[in-house]
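Participant: First the structure, which I've put down as structure tokens, then a few questions once you've had a look.
The values are calculated or read from the model by the stated rules, or taken from the named source; none is laboratory data. Quick caveat: nothing in here was measured; it's all calculated off a predicted structure. Ideal geometry is used to build each Cβ from the backbone, glycine not excepted, and the neighbour counts take in all protein chains shown. Protein only, heavy atoms only, side chains kept; ligands, DNA and RNA dropped before computing areas. Shrake-Rupley method; radii C 1.70, N 1.55, O 1.52, S 1.80 Å.
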Amino acid sequence: MLGCALESREAVFAALSFSAASGSLLIINKLCIHAIPAPSFIATIQFAVCTLFCLFLRTSGLAAVDGFEREKVRPYLAYTGMFVCTIYCNMKALQNSNVETLIVFRACCPIVVSLLDYLFLGRELPSARSFASLLLLVAGATSYVLTDAQWKLSGLRAYGWVGAYFCILSVEMAYGKHIVGPHLGFTSPWGPTLYSNSLSLLPMAAIGLAASEAETVRTSQLSTGSVALLALSCVVGVAISFTGWYCRSLVTATCYTVLGVANKMVTVLANLLIWDKHASPYGLASLAVCIFAAASYQQAPPREGGGYARLPTTVARSPSPSEAKGPSRVRRAFPGEVK
């Protein structure tokens, strides 16, 4: 799907794996919410299952999963805070606008993230071709939502909430790339997977309680099919969390953001083809433009002297006080990890 001049076959594999998991989860979650109309409850269950799975991998030794350390928890708390804020702003924006409005603003995020990539993550600015692809992505998304009769953005309050969503999400995308860097010393993407899911549990549960979802779940008639859907969503949730952080470690923040927009557009297209029998040819063409724009984007190369260069296969880790008398431990870097 994505033609971001990826730097290795492994990066292409990670991007495709993340896309497959992302697209699958969006559709599965739609079915889950139809059966259990409590999105925060569903997300909380998914976070809990992923957290327990990571802890199982750690205790069984089946995978290298980092334990909780203060210097690692702090940045992930900040990331979790931004994640929760985007969810809240998303819900408040939808009170005054609609999902099509958010699609347009979401499609604009890669432009801001490309600047953050340049300013803070050691990448060059997008080439003329890539910048044109980003503009085409915005144009395609705008063209699509204009085909929807419900397209609207009413009142300054709606502008404020959508603007807040746009700004926080853009920073979150760049910051997410930063916290998979070698300075935190994670041994594998399972570490960020554990941190992000476990730290999101309580905030997401709080959102569900504030939305009175506990009563919704209590009064819902849970069938075998709905429980099976929830279980399937948890399995795919583990996959999307791991592949998401894995992909982040291999591509630029902008490329990851473009990939997210493309995944969303492909899912919208699938929804139209499968469930909406009245999708207009103009709307379908607009979505095709978005997918083409994402496929033609090329990620920016590292900037000379930018401070984010590719690391060798291994990188020395500073010994802890208890290790000071012995040889320093060596950690395998993430594939494609940057400094």
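Participant: How many of the residues in region 175-222 are of a type in the set (D, E, K, R) and open to solvent by less than 30 Å² (accessible area, probe 1.4 Å)?
Facilitator: Final tally of qualifying residues: 2.
Participant: Out of the residues in region 47-68 meeting the condition of being free of Cβ contacts under 8 Å to residues at least 40 places away in the same chain and of a type outside the set (A, V, I, L, M), tell me which one is least open to solvent (accessible area, probe 1.4 Å).
Facilitator: By that ranking, first place goes to G67.
Participant: Across region 9-22, what is the number of residues that are more than 15 Å from V235 (Cβ to Cβ) and in contact with a helix residue (DSSP H, G or I) (Cβ under 7 Å, 6 or more places away or on another chain)?
Facilitator: So the answer is 4.
Participant: Across region 1-34, which residue is modelled with the lowest pLDDT among those that are open to solvent by less than 40 Å² (accessible area, probe 1.4 Å) and aliphatic (A, V, I, L, M)?
Facilitator: Step by step, filter region 1-34, then rank; the result is L2.
Participant: All but one of (1) outside any loop (DSSP other than H, G, I, E, B); (2) modelled with pLDDT under 90; (3) among the acidic types (D, E) hold for E215; which doesn't?
Facilitator: (2)
Participant: Against the condition open to solvent by 20 Å² or more (accessible area, probe 1.4 Å) and touching a residue at least 24 places away in the same chain (Cβ under 8 Å), how does L229 come out, does it pass?
Facilitator: Spelling it out, L229 is indeed open to solvent by 20 Å² or more (accessible area, probe 1.4 Å) and touching a residue at least 24 places away in the same chain (Cβ under 8 Å).
Participant: Which of the following residues is within 22 Å of N271 (Cβ to Cβ), modelled with pLDDT of 85 or more and either β-branched (V, I, T) or within 16 Å of the chain's Cα centre (by Cα) (or both): Y175, Y76, Y165?
Facilitator: After ruling out the rest, the residue left standing is Y165.
Participant: Right, another one. List pairs: first residue in region 161-188 and farther than 17 Å from L116 by Cα and among the aromatic types (F, W, Y), second residue open to solvent by less than 30 Å² (accessible area, probe 1.4 Å) and at pLDDT 90 or above anywhere in the structure, Cβ distance under 8 angstrom, at least six positions apart or on different chains.
Facilitator: Partner pairs satisfying both residue conditions: F186/D66; F186/K72; F186/V180; F186/P192.
Participant: Same structure, new question: Take the residues in region 109-120 that are touching a residue at least 24 places away in the same chain (Cβ under 8 Å) and more than 18 Å from the chain's Cα centre (by Cα), then tell me which one is least open to solvent (accessible area, probe 1.4 Å).
Facilitator: Y118
Participant: Please determine whether any residue of region 36-46 is crowded, with 21+ Cβ neighbours inside 10 Å, closer than 16 Å to A239 by Cβ and modelled with pLDDT under 90.
Facilitator: Checking region 36-46: not a single residue is crowded, with 21+ Cβ neighbours inside 10 Å, closer than 16 Å to A239 by Cβ and modelled with pLDDT under 90.
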